[in-house]
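Step one of this worksheet: look at the structure below.
The values are calculated or read from the model by the stated rules, or taken from the named source; none is laboratory data. All figures in this text were calculated on a predicted structure; none of them were measured in a lab. Please note: Cβ atoms are built from the backbone with ideal geometry, for glycine as well, and neighbour counts cover all protein chains shown.
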Amino acid sequence: MSQFDLVVIGSGPGGYVAAIKAGQLGLKVALVEKDNSLGGTCLNVGCIPSKSLLHSTEVYQHALHGKKHGLVGTEKLTFDVAAMLANKDKVVAQLNMGVGALLKKRNVEIVRGLGRLAKAGEVLVRSTSGDRTLETKNILIATGSVPIELPFMKFDGETVISSDHGISLKAVPEKMVVVGAGAIGLELGSVWARLGSQVTVVEMLPSIGGPSYDADVAKAAQSAFEKQGIKFEMGAKVTGVKKSASGSALTAERDGKPLEFAADKILVAVGRKANTTGLGAQEAGLKLDERGRIIIDGHFQTNLPGVYAIGDVVAGPMLAHKAEEEGVAVAENLAGKHGHVNYAIIPGVIYTDPEVACVGLSEADAKAKNIEVMIGKFQLAGNGRAIASDGTAGFVKVIACAKTDKLLGVQMVAKGASEMIAAACAHMEYGGSAEDVARTCFAHPTVSESFKEAAMAVSKTSIHSL
Amino acid sequence: MAVEVKIPPMGESITGGLLATWLVKSGDAVRKGQPLFSYETDKVTSEGTAEVDGRITINVEAGTEVLVGQVVASIEAGAAGTAPPPSAVAAPAVKSAVTQVAAKAPAAPVAAKLGAAAEVSPAVRRLSAETGLNPAGIEGTGKAGRVTKGDMLAALAGQTPIQAPVTAAPAPSAVAQVSSPAAAVVIPSRDGRTSRKRMSPLRRKIAERLVQAKSETAMLTTFNEVNMAPVMELRKRHGEEFLKKYGVKLGFMSFFVKAAVQAMKEVTAINAQLDGEDIVENHFYDIGVAVGTDKGLMVPVVRGCDQLNFAGIEKAIGDFGKRARDGKIQLPELQGGVFTISNGGIYGSMLSTPILNHPQAAIMGLHNIVERPVAENGQVVIRPIMYLALSYDHRIIDGKEAVTFLVKVRQFIEDPQRLLFGV
């Protein structure tokens with residue numbers, strides 16, 4: 001008889017959530033983690049530490065511009081990067097412990113070491129303290145992703161850095177170049193720009209935020225960031241790093257013309273790739289796609305019976321919450337319940353100031369699918385709470401089906417967008433229409449009212465706009 | 001003790017209908033015999049009454065389609081209600097209750113009660129309130145089958161059928177929550193150039209039956225004209241005394257019913273109908289009299305017209321007319337007619353071709369009485385003339401029989417003494 005019903009490899013948000021859920025449902029579960037701390041990329045070097053730094057630097061910025069709010073002595077205000085990093089580490093450590101406690105509560109056995117697919121129904125865990133074979137009915141691979149490295153400018157941890165380094169710089173670089181205007185680049189770029197670094201974001205695409213966002217949304221976000229001193233070099237293809245006695249520089253080209261951006265630090269944030277290192281995928285015959293992601297079926301099962309995979313290591317948006325949903329669904333399926341992930345309604349957020357968020361279809365997506373849409377927009381400049389909170393940059397955009405009024409998508413640039421988007425997700429999950437949002441009572445004054453107003457604007461019935 | 005209020009049986013062919021309006025509210029005190037709700041089937045509108053005194057709790061909102069035997073409310077026997085019961089179930093009290101509800105109906109639409117009973121989104125609630133379309137009867141495309149605004153719009157546009165959710169429980173209390181809009185809810189179009197409303201079950205049935213008659217029979221119409229002077233003269237002469245004696249006016253209808261009965265006795269093919277490949281000849285004279293109401297045409301049947309005298313026929317027709325308009329005709333009163341008389345003349349029709357009341361074989365149309373110049377004995381004279389029409393199913397009635405029938409009717413009307421002697 002197998003020791004375990006389920007062995008999960010990887011303790012990121014996909015893996016640990018799956019383990020907790022499976023434990024909750026009465027399965028005997030082991031969780032394999034190669035790192036010292038639980039929580040994977042998200043908790044240790046991703047979402048959480050970056051949020052901590054974003055908050056610390058936002059507090060600093062608020063204080064720095066606090067004169068109009070009656071703060072005195074702001075011109076002499078300084079900060080301590082080391083203390084910020086220490087606070088970040090404390091946040092991470094607290095959550096590491098929290099995850100451990102939750103797993104323990106669900107009787108999940110945590111096994112330290114690098115998990116590897118051995119024979120069918122076996123996971124080999126290798127660690128400095130020796131190897132251990134776990135017999136199991138099911139295996140869940142949740143090994144996540146790692147930053148993509150550009151072949152012509154490998155990470156050196158000094159000049160060319162990844163997000164892993166970008167959350168731990170000991171000092172503020174005078175000049176920082178961020179390669180890639182996605183969520184990671186914009187967030188870490190913001191962190192260091194807020195602390196005084198001259199940040200230039202170099203992006204190959206014409207607009208920031210990636211293809212999920214409509215051009216008007218991306219543009220509004222970009223202009224808000226530009227006001228904070230971040231420079232954007234769009235449509236520029238990075239070619240390499242030039243190092244000289246006077247310092248380093250990123251080289252790029254646009255329309256065939258060479259560009260050069262001096263930089264103390266070059267943060268490469270061009271995306272992440274599936275991580276199957278040490279998994280023994282090839283030996284086990286595990287099928288991967290052309291991008292190295294594990295191929296799964298509609299029930300998260302790989303080509304190997306009893307072996308499942310979720311999160312960044314499979315196709316789909318590389319988002320912690322997507323992995324968590326999949327983790328829950330896999331656990332439910334294994335426990336004989338009905339697990340399901342609604343991939344159409346997975347929000348995306350860029351945690352800058354203002355935040356940028358979206359869910360569902362963009363206006364462009366809808367048009368590409370030949371869906372006739374009605375658009376409702378509401379500028380935050382018309383929202384009372386936004387005005388009172390120095391958060392008037394941005395707007396909320398609602399994309400509704402012209403025929404049924406169903407919410408197809410919501411995009412926003414707004415302070416607090418990461419929280420506001422949840423309301424949109426909930427409405428959409430239940431098939432809500434723009435009118436449903438308009439007829440839902442929102443607390444006043446809240447920035448969220450902008451979402452309600454944008455929904456009303458779909459039928460041109462917004463109250464607080466002309 | 002709680003007594004269940006059920007949809008009463010309405011006759012063999014009726015399995016369900018629309019609970020159109022509640023005449024009482026949950027918590028009201030009701031008295032035995034008090035009308036509680038009006039109930040509309042494809043054939044008739046009727047009322048459900050309380051079986052005991054007590055306090056009522058309503059389970060099914062107005063506008064819901066219900067099954068015969070379905071529990072729609074319960075009455076806590078003997079309990080006092082939040083509103084006092086009507087002091088008696090005398091007609092005036094009931095009447096005022098009906099008017100009150102009718103007046104309130106547009107302002108407090110069906111869906112106002114949906115609330116906790118059906119968790120639907122606010123836009124769906126609004127649409128339901130405005131149109132009367134109950135989302136419970138719509139197949140939802142939202143999460144776990146929830147009805148979305150789009151589903152409502154599609155149903156209202158007639159793009160998706162409104163159907164009964166499949167229910168596993170066979171008990172009659174398992175509600176078939178099919179719903180249908182309350183009768184008179186009109187949805188204006190966006191530009192206001194059109195508006196639409198759902199057919200009521202009665203209207204749907206009328207439509208179905210009319211098309212059936214048109215498509216399943218070989219229908220044609222023959223005409224004749226009749227001099228109404230003799231009947232008018234008789235009414236003038238005996239009308240006052242007739243009214244005094246019987247409490248009902250001597251109208252034209254009794255003459256035509258009597259004339260039709262006598263003509264049917266002579267032309268028996270008229271009083272017959274097809275049943276598969278058999279011709280069933282009737283030896284009774286139950287004649288339907290079409291009555292227009294605001295909900296549509298109704299044809300209550302006057303039984304045994306050969307046995308009734310003029311007063312009996314006039315009384316029966318008068319009673320039907322009144323009750324039809326009040327929506328109080330009982331279903332059995334609509335069933336079993338062998339022949340129909342329809343009088344478009346009261347609306348001013350000069351001539352028409354009535355459609356058969358399936359499965360009857362013939363229908364006679366009466367029209368308005370107009371003074372027309374006619375030739376009599378070589379002289380042009382003015383006579384009050386009515387055109388008669390007889391539509392008949394040519395499959396079982398030949399032209400000769402149809403024409404003869406109508407000629408007989410004409411003869412009886414032009415010389416009512418013939419009715420006395422049957423000649």
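Is it the case that some residue within the range A:417-431 is outside the structural domain of A:ASP216 (by TED's automatic domain parsing), in a loop (DSSP other than H, G, I, E, B), modelled with pLDDT under 95 and touching a strand residue (DSSP E or B) at 6+ places or on another chain (Cβ under 8 Å)? There is at least one residue in the range A:417-431 that is outside the structural domain of A:ASP216 (by TED's automatic domain parsing), in a loop (DSSP other than H, G, I, E, B), modelled with pLDDT under 95 and touching a strand residue (DSSP E or B) at 6+ places or on another chain (Cβ under 8 Å).
Only one entry of B:LEU356, B:LEU388, B:LEU351 meets the criterion of being part of a loop (DSSP other than H, G, I, E, B), touching an Asp or Glu at 6+ places or on another chain (Cβ under 9 Å) and surrounded by 14 or more Cβ atoms within 10 Å (Cβ to Cβ), and that entry is B:LEU356. Scan the range A:432-441 residue by residue and report those that are part of a loop (DSSP other than H, G, I, E, B) and either away from chain B (no Cβ under 14 Å) or among the β-branched types (Val, Ile, Thr) (or both). Scanning the range A:432-441 gives a single hit, A:THR440. Consider the range B:137-174 and keep the residues that are under 28 Å from the mean Cα position of the chain (by Cα) and at pLDDT 80 or above. The one that is nearest to the other protein chains (Cβ to nearest Cβ) is B:ALA157.
Check whether at least one residue in the range A:386-398 is farther than 25 Å from B:ARG146 by Cβ, assigned by TED's automatic domain parsing to the domain that holds A:PRO354 and touching a Ser or Thr at 6+ places or on another chain (Cβ under 6 Å), and report yes or no. Looking for residues that are farther than 25 Å from B:ARG146 by Cβ, assigned by TED's automatic domain parsing to the domain that holds A:PRO354 and touching a Ser or Thr at 6+ places or on another chain (Cβ under 6 Å), one finds at least one in the range A:386-398, hence yes. Residues in the range B:1-32 that are in a loop (DSSP other than H, G, I, E, B) and at pLDDT below 80: B:MET1, B:PRO8, B:PRO9, B:MET10, B:GLY11, B:GLU12, B:SER13, B:ILE14, B:THR15.
Selection of the range A:284-299 for residues being in a loop (DSSP other than H, G, I, E, B) and touching a residue at least 60 places away in the same chain (Cβ under 8 Å) yields only A:LEU286. I'd like to know if the range A:402-415 contains one or more residues that are within 14 Å of another protein chain (Cβ to nearest Cβ), surrounded by fewer than 18 Cβ atoms within 10 Å (Cβ to Cβ) and out of contact with any Ser or Thr (no Cβ under 8 Å at 6 or more places or on another chain). Yes, there is a match, as at least one residue in the range A:402-415 is within 14 Å of another protein chain (Cβ to nearest Cβ), surrounded by fewer than 18 Cβ atoms within 10 Å (Cβ to Cβ) and out of contact with any Ser or Thr (no Cβ under 8 Å at 6 or more places or on another chain). Among residues of the range A:450-466 being of a type outside the set (A, V, I, L, M) and surrounded by 23 or more Cβ atoms within 10 Å (Cβ to Cβ), the one that is nearest to the other protein chains (Cβ to nearest Cβ) is A:LYS452.
The C-beta contact set for the range A:60-82 (first residue more than 18 Å from A:ALA193 (Cβ to Cβ), second residue basic (Lys, Arg) and in a helix (DSSP H, G or I), distance under 7 angstrom, 6+ apart or interchain) comprises A:THR74/A:LYS67. Condition check for A:ASN107 on (1) at negative phi; (2) not in a helix (DSSP H, G or I): one failure, at (1).
Of the residues screened, B:SER342 is not one that is assigned by TED's automatic domain parsing to the domain that holds B:GLU225, touching a helix residue (DSSP H, G or I) at 6+ places or on another chain (Cβ under 7 Å) and hydroxyl-bearing (Ser, Thr, Tyr). In the condition set (1) in contact with a helix residue (DSSP H, G or I) (Cβ under 9 Å, 6 or more places away or on another chain); (2) over 18 Å from A:CYS425 (Cβ atoms), A:VAL341 is compliant with all but (2). Exactly one residue among B:ALA79, B:ALA62 is in a loop (DSSP other than H, G, I, E, B), modelled with pLDDT under 80 and over 30 Å from B:GLY336 (Cα atoms), and that residue is B:ALA79. Working carefully through the options A:GLU33, A:GLU58, find the one that is within 30 Å of A:PHE79 (Cα to Cα), in contact with a Lys or Arg (Cβ under 8 Å, 6 or more places away or on another chain) and of a type in the set (D, E, K, R). The conditions single out A:GLU58. From the list B:ARG383, B:ARG395, the lone residue that is among the charged types (D, E, K, R) and part of a loop (DSSP other than H, G, I, E, B) is B:ARG395. Scanning the range A:238-260 for residues that are of a type outside the set (A, V, I, L, M, F, W, C), assigned to a strand (DSSP E or B) and over 13 Å from A:VAL160 (Cβ atoms) yields a count of 8.
Only residues that are farther than 14 Å from A:GLU158 by Cα, surrounded by 14 or more Cβ atoms within 10 Å (Cβ to Cβ) and either of a type outside the set (Lys, Arg) or without any contact (Cβ under 8 Å) to a residue 40 or more places away in the chain (or both) were counted across the range A:254-277, and they come to 10.
Whether any residue in the range A:375-392 is within 13 Å of chain B (Cβ to nearest Cβ) and within 30 Å of B:GLY158 (Cα to Cα) is what I want to check. Within the range A:375-392, not a single residue is within 13 Å of chain B (Cβ to nearest Cβ) and within 30 Å of B:GLY158 (Cα to Cα).
Here is a yes/no grid of residues against (1) out of contact with any helix residue (DSSP H, G or I) (no Cβ under 9 Å at 6 or more places or on another chain); (2) modelled with pLDDT under 85; (3) surrounded by 17 or more Cβ atoms within 10 Å (Cβ to Cβ):
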| site | (1), (2), (3) |
| --- | --- |
| B:GLU281 | no, no, no |
| B:THR293 | no, yes, no |
| B:LEU331 | yes, yes, yes |
| B:ALA362 | no, no, yes |
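Would you point out the residue of the range A:442-451, among those that are among the polar types (S, T, N, Q) and assigned to a loop (DSSP other than H, G, I, E, B), that is farthest from A:SER389 (Cα to Cα)? Top of the filtered list is A:SER448.
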